[in-house]
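Notes follow once the structure below has been shown.
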Amino acid sequence: MTHAPHRALVHGDRTGPPGASRTGPRPHRTSSGRWSSARRPLVLALLLASFAMVFAALLPSGTAQAAGEQVRGTLTTGSTGPIAGVEVTVTTAGGDEVDSVETDDAGRFAIDLPDGAGDYTVTIDEDALPEGVTAGDGASRDVTVEENRRLPVTFALTDGEERGSGRILAVQLFVDGLRFGLLIALAAVGLSLIFGTTGLTNFAHGELVTIGAVVAFFINATGVPLVAAAVVAVLVGAAVGALNELALWRPLRKRGTGLVAALVVSIGLSLALRYLIQTVYGGRSNAYTDYQSQRARDFGAFAITDRDLYSIVIALVVLVGVALMLQRSRIGKAMRAVADNRDLAASSGIDVNRVILVVWMAGGALAALGGVLLGLSDQVQWDMGFRLLLLMFAGVTLGGLGTAYGALLGSVIVGVFIQMSTLVIPNDMKYVGGLLLLIVILIVRPQGILGSRARIG
Amino acid sequence: MNEFLDALSLGVRSMFAYQAVFFALLAMGLNLHFGYTGLLNFGQIAFAMVGGFGIAISVTQWGLPFFVGVLIGLVAAVVLALLLGLPTLRLRADYLAIVTIAAAEALRLLFRSVSSTPVTGGTQGISAFNTGFLDLSPWSPAGRYDILGTRWSGVELWTVTVGWTLVVLGSLLIFALMRSPWGRVLKAIREDEDAARALGKNVYSYKMQSLVLGGVFGALGGMVYALGTGSVQPDQYQNANTFLAYGALILGGAARVLGPVVGAMLLWFIIAFSDSGLSALIGNGVSFFGLFQLDDVFDATDVAFARFIIIGIGIMLLMIFRPQGIFGDRREVLLDAR
Amino acid sequence: MPADPQPTGAHAASSTPTATSTGTAPAGRAAPARLAQAALRDLPWEVGVAKPDPALVVDGVTRTFGGLTAVSVDHLEIQRGGITGLIGPNGAGKTTLFNLLTGFDQPNTGTWTFDGKSLGRLSPHQVARLGVVRTFQLTKALSRLTVLQNMLLGAQGQAGESFLKALVPGTWRSQERANTEKAMDLLQRFKLDAKKDEFAGVLSGGQRKLLEMARALMSDPKVVMLDEPMAGVNPALTQSLLGHVKDLREEGMTVVFVEHDMDVVRDISDWVVVMAAGKVIAEGPPESISQNKDVVDAYLGAHHDAPLTNEEEDRVLAEAEAAIAREEGVPGGSGRAETITSDGTEKR
């Protein structure tokens, strides 16, 4: 297995063959471009009143795309960036050429199939690839296109730069892992703080991540720069977090709903939100329109694209900010006091409900930011958050449930571990390693790295 | 109107199809875990997967007889339960939840990975392992049989017969166990495990027994499902199925013997009825109170997601307002201090 | 059998050298109490004093949470057949000591024995099977089981509690009948027999305390450890509960209890152990305690209810630690978020 510097965060190498490269297509995946078709806010509100409102306000009112079959894809590698001007040819199963196009500046191609559903072969002109780039597993693909489906076709391109340059694989993987871990940490800090202050194991936290990425994608798709879209997405994340608390969890706490019941409720919420997002967004993976055509910058022992570098910097700055906030600010101290002992905090004059609301808003905002950055280095997908959730749990558990700093440290370790583990295990099993790590931690040190024994009854 | 009747008939048929058996068995296991013992197992689908693959691998890869395969599947489920239980059953409930869901996902990824393709068939999975099972069928596997206006293939009919027999036997077993002092200890652990400890009960051991027994039910469910579809693929065993099984359990009412069975039947009725009903409505261009056309909002593929949205909201609402299930006893739930 | 029908009185002389009297009817409240008192009468009022016939012996037990020492007991003996009261200000480590003695928590150092058998590293159910049963500060009635089912759970050595035998009712039916009879006798004694088919969750707080005590007695314990048996019980029931505690002594059981109400302590204890900041600071007969300067200091010194502000965050945290330590051992008690945040991430 090669380790292209441009690696996808959550679902394995995008450049891998379809199917094998993903951690798992969910059932009923669709790939039509329905995200841009008209959606009326009303029915969403009917479906899930409060949460849907956020989406509804943001839905672009584009025109419906014409139905029809298509194959599409992108030719890109980490070091070269998108590859333009490569001829892509589609032939029918019988060998008749359907059409042939050249990839555009973003490395993309899309070929309509007037003959409709059926078996096709997609071939790229290997000779037109830049120097050193080869199609690792062949230059043609046999695909079956279903009715009304725009089928993504991926070619595993290997960039020759990996060999022969000064890069050291372990260092490269470490940097990748660090970035991944920081993104997990962004999302996991909120999960951990919510657990600490309310005792809720929030299985719907992954959806906050997805909402961040999806909102940023929709806004970005209308032509707004991604940075501005990200700011809005983070605000929406905070708002969804606040809605979570105000519309659901605070009333449930008032009713005296037990923790186990609350956990099951959060699973129901996760399921409903996830598929609501899929209905709104569709089953496809999409990239943002900005920052796609970047080449990896060579730093000697490793290479990294600017967007990944900025992801690391942003995540670091935000996380340090969160740590400072927890350590220094009034509200941060109040959060830790509530997490330590809610009754005592309440009796010493802290407005516990307000603190919890702030925790939810901060958690939502951080998760949304994590989602935006994840969508940047990877792509935006309807279940990206849910798949990240297990890794968040791993990070939070590793660091010590309920401790904010523990979540930070644990998440980074999980991210690095997952990427570095590909040194010894196949790439498509790296999440298995991460999840096994979680189980091993629970055997060896159930209170986590920073959790103290004192907290174990 | 005809479409409505068709949807109704499809719904009723689904109540007895092998999918309903699958979820009934999954939910019966969860009932032991969650309903009676208070264990949060969110990886029930993993037990189903090792059950299904247990048969498939034994028969196709190792050339063993079908019933040895069944045995291997059950043993695999027991081993999985022990592996999951050993580190987590001493810890607080949410640790088991996290570990089980993680293990289920990890196992699925492992089974579908390229490296395990020689054994598990990777994403393609394994098929053609059920001849030993079909040989015993009194109905011709290729035959078509009409029962009360619904049509079944011989394979389905045989699978369903065996499946419902398992459900009935399993329910009798749970009924007997829950009337015994053994069941009483499980319920005591659910209520307060420290109290059970203070009364001299080895809580860890009972939790483990419950986890193993419930896991075996899950494995049996996976086997019925594998025989019904005639193949096993790792991606059939998504975590979402565990949540659906929880939906069935909560719908029917946890901690009662027939709760999961009734719940699974209802769940499948709702799914099949709403799927075919919604599709028909969309196809007919029905408008929603004149406000908008239904097919503006949903297209045919969305119907499949709608079921998960409905079930997700259903789980939330049931858990908040009627945690005892549709047929449960309100009195008991008022006392639920968890 | 009680040979001496004199009413119980402080320091009354005992003429019966035969110590135990298991099976004595509750009516015969006489000799054993005075036996223990008599045995304890001439002991010096000093910490760690050796008892003539100790049931429980604690040696060098310490338990720390983070940097905070919750319990540090050098030497403590509990007299067999007597009622020992354990008192102390909040956070003194009483409940933690209870948890350690019953296996619900493990100490950092130290040994402790029951009837000469070491209890170190035993899990709670093993301790219970040896005959040391406890109740909890927050009553643990099993809400969705009936009162009778609660009682039956207390019985030890039930064949039907093994998985395989559970499937063959013949193997446990007769035992179940015998246990039911015993349970009904106890319920009658605790005046709960009319409620036998009610869910335990519908009982009043006091009735739950009674049920918990009755349930503990189903196992024929040798030592009964009661954590604040009178807390939250209305005054009418208090007297009845006190009577039941005294009855335990009459039946030859060793009773250790934690209590805050000094009147109660004076009324029923044969011996009182005072804890503060994790240490035993005094022990002696009830009347000795109010004269003890250390005890007075501990109680007055421990109450500083200065208001806490956000700026005094360190103090908040320190107090939170103390509260955590105090609440150890009642994990999951209220089942609410507070429980999680205050007693940690794991239930043992």
Please state which of the following conditions A:A239 fails to meet, knowing it meets all the rest: (1) open to solvent by less than 10 Å² (accessible area, probe 1.4 Å); (2) modelled with pLDDT of 90 or more. (1)
Across segment A:210-230, what is the number of residues that are hydrophobic (A, V, I, L, M, F, W, C) and over 18 Å from the mean Cα position of the chain (by Cα)? 2
Is it true that C:M225 is closer than 27 Å to C:F199 by Cβ, part of a strand (DSSP E or B), in contact (Cβ under 8 Å) with a residue 12 or more places away in the chain and open to solvent by less than 10 Å² (accessible area, probe 1.4 Å)? yes
Contact list, first residue from segment C:275-296 and buried (at least 21 other Cβ atoms within 10 Å of the Cβ), second anywhere and among the hydroxyl-bearing types (S, T, Y) and not in a helix (DSSP H, G or I), beta-carbon distance below 6 Å, six or more apart or interchain, is C:G278/C:T69; C:G278/C:S72
Lone qualifier among A:G434, A:G395 - being open to solvent by less than 30 Å² (accessible area, probe 1.4 Å), within 12 Å of chain B (Cβ to nearest Cβ) and either without any contact (Cβ under 8 Å) to a residue 12 or more places away in the chain or more than 30 Å from A:A337 (Cβ to Cβ) (or both): A:G434
Residue hits (segment C:187-206; under 21 Å from the mean Cα position of the chain (by Cα), in a helix (DSSP H, G or I) and more than 14 Å from every other protein chain (Cβ to nearest Cβ)) are C:L187, C:R189, C:G206
Scanning segment C:32-71 for residues that are assigned to a loop (DSSP other than H, G, I, E, B) and either open to solvent by 30 Å² or more (accessible area, probe 1.4 Å) or among the hydrophobic types (A, V, I, L, M, F, W, C) (or both) gives C:D42, C:L43, C:P44, C:W45, C:E46, C:V47, C:V49, C:A50, C:P52, C:D53, C:G66, C:G67
Sole exception among (1) farther than 30 Å from A:I168 by Cα; (2) more than 9 Å from every other protein chain (Cβ to nearest Cβ); (3) buried (at least 21 other Cβ atoms within 10 Å of the Cβ); (4) not hydroxyl-bearing (S, T, Y) for A:L326, by number: (3)
Please determine, by comparing only the residues of segment C:111-135 that are among the small types (G, A, S) and in contact (Cβ under 8 Å) with a residue 24 or more places away in the chain, which one is farthest from the other protein chains (Cβ to nearest Cβ). C:G131
Criterion first (in a helix (DSSP H, G or I), at pLDDT below 90 and over 27 Å from the mean Cα position of the chain (by Cα)) does A:R336 satisfy it? yes
Looking at (1) of a type in the set (S, T, Y); (2) in contact (Cβ under 8 Å) with a residue 40 or more places away in the chain; (3) more than 9 Å from every other protein chain (Cβ to nearest Cβ), which is the one condition that is false for C:S174? (2)
Go through segment B:185-216 and give me each residue that's open to solvent by less than 10 Å² (accessible area, probe 1.4 Å) and within 24 Å of B:V59 (Cβ to Cβ). B:G215
What do you reckon, is A:V101 assigned to a strand (DSSP E or B), buried (at least 16 other Cβ atoms within 10 Å of the Cβ) and without any contact (Cβ under 8 Å) to a residue 40 or more places away in the chain? no
If you take just the helices (runs of 4 or more DSSP H) that sit entirely in segment B:66-184, which of them hold at least 3 residues that are at pLDDT 90 or above, more than 9 Å from every other protein chain (Cβ to nearest Cβ) and surrounded by fewer than 23 Cβ atoms within 10 Å (Cβ to Cβ)? B:66-88, B:154-179
Selection count, segment C:172-205, where residues are in contact with a Ser or Thr (Cβ under 8 Å, 6 or more places away or on another chain) and buried (at least 17 other Cβ atoms within 10 Å of the Cβ): 5
Single condition A:W382 does not satisfy, out of (1) in contact (Cβ under 8 Å) with a residue 24 or more places away in the chain; (2) away from chain C (no Cβ under 12 Å); (3) in a helix (DSSP H, G or I); (4) within 21 Å of A:V240 (Cα to Cα): (3)
Here are some conditions: (1) closer than 30 Å to B:L8 by Cβ; (2) in a helix (DSSP H, G or I); (3) more than 14 Å from every other protein chain (Cβ to nearest Cβ). B:V257 meets all but one. Which one does it not meet? (2)
Give the residue that is nearest to the other protein chains (Cβ to nearest Cβ), with candidates limited to residues of segment C:153-171 that are surrounded by fewer than 21 Cβ atoms within 10 Å (Cβ to Cβ) and touching a residue at least 12 places away in the same chain (Cβ under 8 Å). C:Q156
Just the residues that are under 20 Å from A:P251 (Cα atoms), over 31 Å from the mean Cα position of the chain (by Cα) and within 10 Å of chain C (Cβ to nearest Cβ), please, taken from segment A:339-351. A:R342, A:D343, A:A346, A:I350
When you check B:A20 against the structure, is it open to solvent by less than 20 Å² (accessible area, probe 1.4 Å), in contact (Cβ under 8 Å) with a residue 24 or more places away in the chain and more than 18 Å from B:A219 (Cα to Cα), yes or no? no
Counting only residues in segment C:238-263 that are of a type in the set (A, V, I, L, M, F, W, C) and open to solvent by 10 Å² or more (accessible area, probe 1.4 Å), the one farthest from C:L192 (Cα to Cα) is identified as C:M262
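The values are calculated or read from the model by the stated rules, or taken from the named source; none is laboratory data. Not measured: the values here are computed from a predicted model. Here the Cβ is made from the backbone with ideal geometry for all residues, glycine too, and neighbour counts use every protein chain on show. Calculation scope for accessible area: heavy atoms of the full protein, side chains included, ligands and nucleic acids excluded. Shrake-Rupley method; radii C 1.70, N 1.55, O 1.52, S 1.80 Å.
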